[in-house]
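Undergrad: Quick one: structure below, then a few questions.
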Amino acid sequence: MKHLARLLTRHTAVSALACLALTVPVHAELPIARGSHTLAGPGAETNATPEWLYTLRPGESFGEVANALLSKTVHADRLLQYNNINNAAAIGEGDALRIPLSWLQRQPDPARVVTVSGQVQHISGNDGRKRSLTADTLVRVGDEIISGSGSATVELADGSQVRISPDSRLIFNRLTQYGKSGMVDTRLRLDHGEVHTKVKPVIEGGARFEIETPSAVAAVRGTVFAMQAAPGTTHLQVTEGAVNFGPRGKTRNIPAGYSASVSTAASGSLSIHRLPPAPELNPLPPQITSLPTEMSWQPSGAMGHRLDIFEAESGRWVESRKVSGNRYNLSLLDNGAYEIHLAALNTRGIAGMPDVLKVEVDLSAQAAELLAPEAGATVNDDMPEFRWELKGSNEVARIEIAEDDTFRRLVATSEWAPDSRALPSRPLTPGTYYWRVVSEAGGNSVASSDAREFTINGTLPPVRIISVNYVDSQVRVFWEKVDTASDYRLQLSEEPGFSNIIKEATLSETTAALRLIPGRRYFVRLKALSEGPLASRWGPGRELYLE
């Protein structure tokens, strides 16, 4: 019977909460966290101190709950008195405690950046320093995010999310967690721009969430809505739940399916309109294996539509644009799961209720066909043009050039691009090389073509000696590496014209040790050797003298 009573009480609480969301001003609503199962009457909510109702879980005692939740300035006996309880031992599993919010432990709880697209700035509220915003950045009280041409998604401590559109400035005025209760109190200020929010419902976390603009305020207990702030005006669209919205102190409840606007030019008047209904998207295959692909929807008579594409897992804003007609080509999407939101625009350009299409992109890269240079070709240009033919769809590709067909060490590449020709990233010294094309589709599918050998004709550059070290009777000579050189030829002479060679050796390294007779002068020079049909020349001589 006790279990049945708790279930009935919890059902009553949720029903009461649904009614209150439509009738009670935001400042009078009471947050109910997971585990709560009872509500004070409507009259008490309006006049009493805001409080949280906590239900003891199996194995919990009153002392443990008081220690975990109450502020250090509040003694557990005060909580017993507040609940008209004489003996703490009488409280057990399933019993509820009414706790004033002001008695709960509070500490700042930073938000976390989930995704960032493009250039977004993060301004610290502590020292005012500007930094580029990156994923996993912690956002603390007083911080600001300025999106510029980029966008970002921020996750609060309770899992609620705020998506910040381009050209927006959002200030985090309060990020508070109530001890271990799971409740957070979030106050944001949207100076200008647009945000899309998905706030956790009350019964799943007890979050309090409020966004203020220069002309209005929106407060919710769990909903999905978008908000735009511009000089003198604020617009709101509610797609799930309900939002208390309007000039501060004069808010009204805006349910899902409606928009509202506040204009300071009209003395802060609040206008409410029904949102355009969701358009009807035509289905797409659940798995897209080729891009671009066309999506379409039933004609609705709307002046235009707003299209938003989000990564399903991270919530990252991939694309947002206004489209005309009833067709759009999806392209340049990486492999993964996406949510496509399409909403009709009303005569004021405000997006209505969205239709949502879930798709998965699964592209596979195909090996490209090489065209030029041909296999074994000899090229006289040190910046030759490479050409190929892509075989897959929506692919990007680049050339890779190496000294051997394993491609362990790349000599040059090109930029990734959806092209079928490119120049190398740097001039190529004479020698024999291998080239191939690497194609990529969907961001994670890669294919490589066969490799081709080719030769850059010309003369190998002279070898330059960069340093000489003397240690006892030994001299160590160091020289620069020449790309495509297989070996180096060293000559030692006692006169600078090298007409009389006293020592000559072929070396594979770029250093050599020589034993010299002290008090005599020597001269050393080197040239690069190649396995290909390339001419080479000697580098300048270097004098050696061992005292």
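The values are calculated or read from the model by the stated rules, or taken from the named source; none is laboratory data. Worth saying up front: this structure is predicted, and the values here are computed from it rather than measured. Positions of Cβ are backbone-derived with ideal geometry, glycine not excepted, and every protein chain shown enters the neighbour counts. SASA here: full protein model, heavy atoms, side chains in, ligands and nucleic acids out. Shrake-Rupley method; radii C 1.70, N 1.55, O 1.52, S 1.80 Å.
Undergrad: Just wondering, is there one or more residues in the stretch 312-330 that are open to solvent by 20 Å² or more (accessible area, probe 1.4 Å), of a type in the set (Gly, Ala, Ser), at pLDDT below 95 and outside any loop (DSSP other than H, G, I, E, B)?
TA: yes
Undergrad: Between a first residue in the stretch 97-109 that is at negative phi and open to solvent by less than 10 Å² (accessible area, probe 1.4 Å) and a second residue that is in a strand (DSSP E or B) and charged (D, E, K, R), which pairs have beta carbons less than 8 Å apart while being 6 or more apart in sequence or on different chains?
TA: Taking only residues 6 or more apart or on different chains, the pairs are Ile99/Glu51; Pro100/Glu51.
Undergrad: Go through the stretch 486-505 and give me each residue that's open to solvent by less than 70 Å² (accessible area, probe 1.4 Å) and hydrophobic (A, V, I, L, M, F, W, C).
TA: Across the stretch 486-505, the qualifying residues are Leu490, Leu492, Phe498, Ile501, Ala505.
Undergrad: Which residue is farthest from Pro166 (Cα to Cα), if the candidates are limited to the stretch 121-144 and must be aliphatic (A, V, I, L, M) and assigned to a loop (DSSP other than H, G, I, E, B)?
TA: Step by step, filter the stretch 121-144, then rank; the result is Val141.
Undergrad: Can you tell which of His192, His196 is modelled with pLDDT of 95 or more, out of contact with any helix residue (DSSP H, G or I) (no Cβ under 6 Å at 6 or more places or on another chain) and not in a helix (DSSP H, G or I)?
TA: Answer to the selection: His192.
Undergrad: Related question: Identify the residue in the stretch 199-209 that is open to solvent by less than 20 Å² (accessible area, probe 1.4 Å) and touching a strand residue (DSSP E or B) at 6+ places or on another chain (Cβ under 8 Å) and, among all such residues, is modelled with the lowest pLDDT.
TA: Gly205
Undergrad: Please determine whether any residue of the stretch 406-418 is in a loop (DSSP other than H, G, I, E, B), small (Gly, Ala, Ser) and in contact (Cβ under 8 Å) with a residue 60 or more places away in the chain.
TA: No, the conditions are met nowhere in the stretch 406-418.
Undergrad: All but one of (1) surrounded by fewer than 18 Cβ atoms within 10 Å (Cβ to Cβ); (2) without any contact (Cβ under 8 Å) to a residue 24 or more places away in the chain; (3) of a type outside the set (D, E, K, R) hold for Ala66, so report the exception by its number.
TA: Going through (1) surrounded by fewer than 18 Cβ atoms within 10 Å (Cβ to Cβ); (2) without any contact (Cβ under 8 Å) to a residue 24 or more places away in the chain; (3) of a type outside the set (D, E, K, R) one by one, Ala66 breaks only (1).
Undergrad: Across the stretch 331-382, what is the number of residues that are open to solvent by 50 Å² or more (accessible area, probe 1.4 Å), outside any strand (DSSP E or B) and of a type outside the set (Gly, Ala, Ser)?
TA: Residues flagged as open to solvent by 50 Å² or more (accessible area, probe 1.4 Å), outside any strand (DSSP E or B) and of a type outside the set (Gly, Ala, Ser) within the stretch 331-382 amount to 10.
Yes or no, residue by residue, for (1) under 18 Å from the mean Cα position of the chain (by Cα); (2) of a type outside the set (Ser, Thr, Tyr); (3) modelled with pLDDT of 95 or more; (4) farther than 11 Å from Ile211 by Cβ:
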{"site": "Gln161", "(1), (2), (3), (4)": "yes, yes, no, yes"}
{"site": "Ile171", "(1), (2), (3), (4)": "no, yes, yes, no"}
{"site": "Arg174", "(1), (2), (3), (4)": "no, yes, no, yes"}
{"site": "Tyr178", "(1), (2), (3), (4)": "no, no, no, yes"}
{"site": "Asp185", "(1), (2), (3), (4)": "no, yes, no, yes"}
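Undergrad: Ok, one more. Please note which strands (runs of 3 or more DSSP E) are completely contained in the stretch 441-519 and include at least 1 residues that are in contact with a Phe, Trp or Tyr (Cβ under 6 Å, 6 or more places away or on another chain) and among the hydroxyl-bearing types (Ser, Thr, Tyr).
TA: It comes to 465-471, 487-493, 511-515.
Undergrad: Separate question: So which of Asp136, Asp185, Asp167, Asp143 ends up being in contact with a helix residue (DSSP H, G or I) (Cβ under 9 Å, 6 or more places away or on another chain) and surrounded by fewer than 23 Cβ atoms within 10 Å (Cβ to Cβ)?
TA: Going through Asp136, Asp185, Asp167, Asp143 in turn, just one is in contact with a helix residue (DSSP H, G or I) (Cβ under 9 Å, 6 or more places away or on another chain) and surrounded by fewer than 23 Cβ atoms within 10 Å (Cβ to Cβ): Asp185.
Undergrad: Of all residues in the stretch 220-269 being among the polar types (S, T, N, Q) and part of a loop (DSSP other than H, G, I, E, B), which is surrounded by the fewest Cβ atoms within 10 Å (Cβ to Cβ)?
TA: Ser267
Undergrad: Just to be sure before I move on: is Ser508 polar (S, T, N, Q), over 48 Å from the mean Cα position of the chain (by Cα) and open to solvent by 50 Å² or more (accessible area, probe 1.4 Å) in the structure I sent?
TA: Against the criterion (polar (S, T, N, Q), over 48 Å from the mean Cα position of the chain (by Cα) and open to solvent by 50 Å² or more (accessible area, probe 1.4 Å)), Ser508 does not qualify.
Undergrad: A further question follows. Consider Arg387 carefully, then state whether it is over 30 Å from His305 (Cβ atoms), open to solvent by less than 60 Å² (accessible area, probe 1.4 Å) and either at pLDDT below 95 or part of a strand (DSSP E or B) (or both).
TA: It is false that Arg387 is over 30 Å from His305 (Cβ atoms), open to solvent by less than 60 Å² (accessible area, probe 1.4 Å) and either at pLDDT below 95 or part of a strand (DSSP E or B) (or both).
Undergrad: Read through the list (1) assigned to a loop (DSSP other than H, G, I, E, B); (2) closer than 22 Å to Ser102 by Cα; (3) in contact with an Asp or Glu (Cβ under 8 Å, 6 or more places away or on another chain), then give the number of the only condition that Ser149 fails.
TA: Looking at each condition in turn, Ser149 falls short on (2).
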